[in-house]
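First comes the structure, then the notes that go with it.
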Amino acid sequence: MTIKTILVVDDSPTDRQHLTDVLIKAGYKVTGAASAEEALAKVKQAKPDLVLMDVVMPGQNGFQATRALSTDEATKHIPIIICSTKGQETDKVWGMRQGAKDYVVKPVKPAELLAKISALG
């Protein structure tokens, strides 16, 4: 599967913009969502090739959104990389159990993120 379009989900406009800049420079088409609820709607509408999911957000958190996407027949084929400040091993394990394919801890190192994305592609 070739990854061309990525949905960046983060309630922080600064983090969302930073990730968007990194991804656009690497040649990806990027859309953003400021909440898990917005992300769930956008994934069904835009059908991105990959979702970068923050965890700590108001309302539904990223773990809940990841579980919802990875168990829905219409979206379970879309890989999710969790991108969060929550860097404990238990957070990573829990994120993978919710259906994430990988986990990146903020602050994100662009080379690490891009390597994880190309490993999925």
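The values are calculated or read from the model by the stated rules, or taken from the named source; none is laboratory data. Since this is a predicted model, take the numbers as computed values, not measurements. Here Cβ is always computed from backbone atoms with ideal geometry, including for glycine, and neighbour counts include all displayed protein chains.
Things to note:
- Residues of region 39-55 that are in contact with a strand residue (DSSP E or B) (Cβ under 7 Å, 6 or more places away or on another chain) and part of a helix (DSSP H, G or I): Ala39, Lys42, Val43, Ala46.
- Residues of region 56-77 that turn out to be in contact with an Asp or Glu (Cβ under 7 Å, 6 or more places away or on another chain) and in a loop (DSSP other than H, G, I, E, B), as a count: 4
- Test for Arg16: is it closer than 23 Å to Arg97 by Cα, within 13 Å of the chain's Cα centre (by Cα) and either outside any loop (DSSP other than H, G, I, E, B) or at pLDDT below 95 (or both): no
- Residue list for region 76-95, restricted to those being closer than 16 Å to Thr5 by Cβ and touching a strand residue (DSSP E or B) at 6+ places or on another chain (Cβ under 9 Å): Ile78, Pro79, Ile80, Ile81
- Residue within region 32-55 that is among the small types (Gly, Ala, Ser), in contact (Cβ under 8 Å) with a residue 12 or more places away in the chain and under 18 Å from Lys116 (Cβ atoms) present: no
- Residue in region 96-105 that is among the small types (Gly, Ala, Ser) and more than 15 Å from Ile6 (Cβ to Cβ) present: yes
- Of the residues making up region 96-117, those that are out of contact with any helix residue (DSSP H, G or I) (no Cβ under 9 Å at 6 or more places or on another chain) and either in a loop (DSSP other than H, G, I, E, B) or of a type outside the set (Lys, Arg) (or both) are Met96, Lys109, Ala111, Glu112, Ala115.
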